[in-house]
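The values are calculated or read from the model by the stated rules, or taken from the named source; none is laboratory data. Fair warning: this is a prediction, and the values are worked out from it, not measured in the lab. Ligands, DNA and RNA are stripped out before the accessible areas are found, and what is left, the full protein with its side chains, is counted by its heavy atoms. Shrake-Rupley method; radii C 1.70, N 1.55, O 1.52, S 1.80 Å.
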Amino acid sequence: MRIAGVTLPDNKQLLYSLPIIFGIGPTRARLILKEAGIPENKKGSELTADEEQQIRLLAEAYTIEGELKREIGQN
């Protein structure tokens, strides 16, 4: 699964793979999974297309990756 240009590992639990994305930490990862209604221990390879899309939409609602790095650089 790709979010904001970052490929998340399929063999890792989502709670631990989402923080790979710059701007998403463990707390925000829990919040995203809770809002999406997806168990924290589910792996990326076990997701359906709808679940992937929902996680992607919730994650991209935050300022992450390139946008966040650009904002930090300008400050």
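Here are the numbers for this structure:
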read-out: Using θ = phi - 60° and Karplus 6.51 cos²θ - 1.76 cosθ + 1.60, couplings along the stretch 60-75 (whole Hz; Gly, Pro as x); value: 6, 6, 8, 7, 9, 6, x, 4, 5, 5, 5, 5, 5, x, 6, 7
read-out: CD proxy at 222 nm, helix term only [per DSSP H run n ≥ 4: -39500 (n - 2.57); per residue of the chain; nearest 500]; value: -14000 deg cm²/dmol
read-out: The stretch 1-43 - percent relative contact order, Cα under 8 Å, separation 6 or more; value: 37 percent
read-out: The chain: most fluctuating residue of GLU52, GLU35, GLU65 per GNM, C-alpha cutoff 10 Å; value: GLU35
read-out: Protein accessible area in the stretch 17-75, 1.4 Å probe - carbon and sulfur %; value: 48 percent
read-out: Qualifying aspartates and glutamates (Cα of each under 18 Å from Cα of LYS34; at least 8 residues distant if same chain); value: GLU46, ASP50, GLU51, GLU52, GLU60
read-out: The chain: relative contact order in percent, alpha carbon pairs under 8 Å with at least 6 residues between; value: 35 percent
read-out: Per-residue HN-Hα couplings for the stretch 42-47 [Karplus 6.51, -1.76, 1.60; θ = phi - 60°; Hz; x = Gly/Pro]; value: 6, 8, x, 6, 8, 7
read-out: Interchain or long-range residues, amide H under 5 Å from ILE3's placed H; value: LEU8
read-out: Per residue value of the accessible surface for the stretch 26-75 (all protein chains in place, 1.4 Å probe), Å²; value: 69 Å²
